[in-house]
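Asks: Structure in structure tokens, see below.
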């Protein structure tokens, strides 16, 4: 488990240890920690919903668009889903670091970005459904 | 009578973890369906294991992600049953990586299915 990662001087045990920000400031009230954890899980579920949507459209609606267009749309949706999972972890860490150091919770454009992604995807699929008939 | 935790925080958190696992199983079902409905391939990657083509590997990867997340949910539920300590960064990171792995698997399944 202590092999070096290629390209970095970090070892696997460094990665798996608690990150440095976890040792700063004071431990937040457990209610806030658990609320932060649930927010993380809500974002993870959003990410899973995007993945499910991508695979479901590909599987259940093969005639919605010519195959290359359909595959590109579904892969894009799945990529946003996978990226959102990474972003949820990042935000979970940022939020707890801010709580530990009594700072304001960081503002982020994730919500605006997700609103736009979902709206554009819904519009695109609505147009495709209309055209496919 | 002292109200120990009016917000039932640990219970809500446990339920949130379980909901997440159920959402992951939904994605699994579609990936497994993609494998089951794909054209049977003649060339096996491993001799003597019919069905283990690239789609079969996607199905296995999805199962692996499910096992990883289920273990995390099991560990975290046990922790929350006895106390209300915050999650370790390791558990949160492992569940994130499981979902990202499932995302990569979903992309592979979409690309292979066409």
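Throughout, read-outs are computed from the coordinates displayed, never taken from laboratory work. Owing to the predicted nature of the structure, the values given are computational and were not obtained by experimental measurement. Note that each Cβ is placed from the backbone with ideal geometry, even for glycine, and that neighbours are counted across all protein chains shown.
Asks: Based solely on its DSSP helices, what 222 nm [θ] is calculated for chain A when runs of n ≥ 4 H residues each add -39,500 (n - 2.57) and the sum is averaged over all residues, nearest 500 deg cm²/dmol? Display every interim value, and only then the final one.
Replies: Values: 4 runs with 93 residues, N = 133.
Calculated at 222 nm, the ellipticity per residue is -24500 deg cm²/dmol.
Asks: Further, regarding this structure: Starting from the Cα of residue A:63, step 7 Å along the direction of its Cβ; do the same at residue A:129; then give the gap between the two resulting points in nm.
Replies: The two pseudo-label positions are separated by 1.6 nm.
Asks: Mind checking which of A:105, A:48, A:76 has the largest fluctuation in a GNM of chain A, springs on alpha carbons under 10 Å?
Replies: Looking only at A:105, A:48, A:76, the largest GNM fluctuation is found for A:105.
Asks: Under the rule of -39500 (n - 2.57) per DSSP H run of 4 or more residues, summed and divided by the residues of chain B, what mean residue ellipticity at 222 nm is obtained, to the nearest 500 deg cm²/dmol? Display every interim value, and only then the final one.
Replies: Details: 3 runs with 83 residues, N = 114.
When only DSSP H runs of four or more count, the value is -26000 deg cm²/dmol.
Asks: Could you identify which residue out of A:21, A:92, A:43 has the top mean-square fluctuation in a GNM of chain A using Cα springs shorter than 10 Å?
Replies: A:21
Asks: Now for a different question. What distance in nm separates the simple spin-label points at residue A:119 and residue B:39, each placed 7 Å from Cα in the Cβ direction?
Replies: Simple spin-label model gives 4.2 nm for this pair.
Asks: Further, regarding this structure: Can you classify the range B:11-114 as rounded, prolate or oblate using the Cα gyration tensor, where a ≥ b ≥ c are the square roots of its eigenvalues, rounded means a/c under 1.5, and otherwise it's prolate if a/b beats b/c and oblate if not? Mind dumping the intermediate values first?
Replies: Working: a/c = 3.03, a/b = 2.69, b/c = 1.13.
Because a/c hits 1.5 or more and a/b exceeds b/c, the range B:11-114 counts as prolate.
Asks: Let me confirm one metric for peptide B:21-31, namely the mean number of other chain beta-carbon atoms within 10 Å of its residues' beta-carbons. List each step's numbers first, then the result.
Replies: Numbers: counts 3, 2, 9, 5, 2, 6, 12, 2, 4, 10, 4.
Other-chain Cβ atoms within 10 Å of each residue's Cβ, averaged: 5.
Asks: Quick one: helix A:110-132 against the long Cα principal axis of chain A, what's the angle to the nearest 10°, folded into 0 to 90?
Replies: Result, in degrees: 10.
Asks: As an exercise, take the mean of 1/r over every pair of distinct alpha carbons in the protein assembly as shown, invert it, and state the Kirkwood radius in angstroms.
Replies: Answer for the protein assembly as shown: a Kirkwood hydrodynamic radius of 19.9 Å.
Asks: In addition: Compare B:14, B:96, B:37 in a GNM of chain B, Cα atoms joined below 10 Å, and give the one with the largest fluctuation.
Replies: B:37
Asks: Just to be sure I understand the model, the point goes 7 Å from the Cα along the line to the Cβ. What's the resulting residue B:78 to residue B:18 distance in nm?
Replies: According to this spin-label approximation, the distance is 1.8 nm.
Asks: Tell me, rounded to the nearest percent, the portion of alpha carbon pairs in chain A spaced more than 17 Å apart. Mind dumping the intermediate values first?
Replies: Details: 5999 of 8778 pairs.
It works out to 68 percent of all Cα pairs.
Asks: How far is helix B:9-37 tilted off the main Cα axis of chain B, in degrees rounded to 10, range 0 to 90?
Replies: Rounded to the nearest ten degrees, it is 10.
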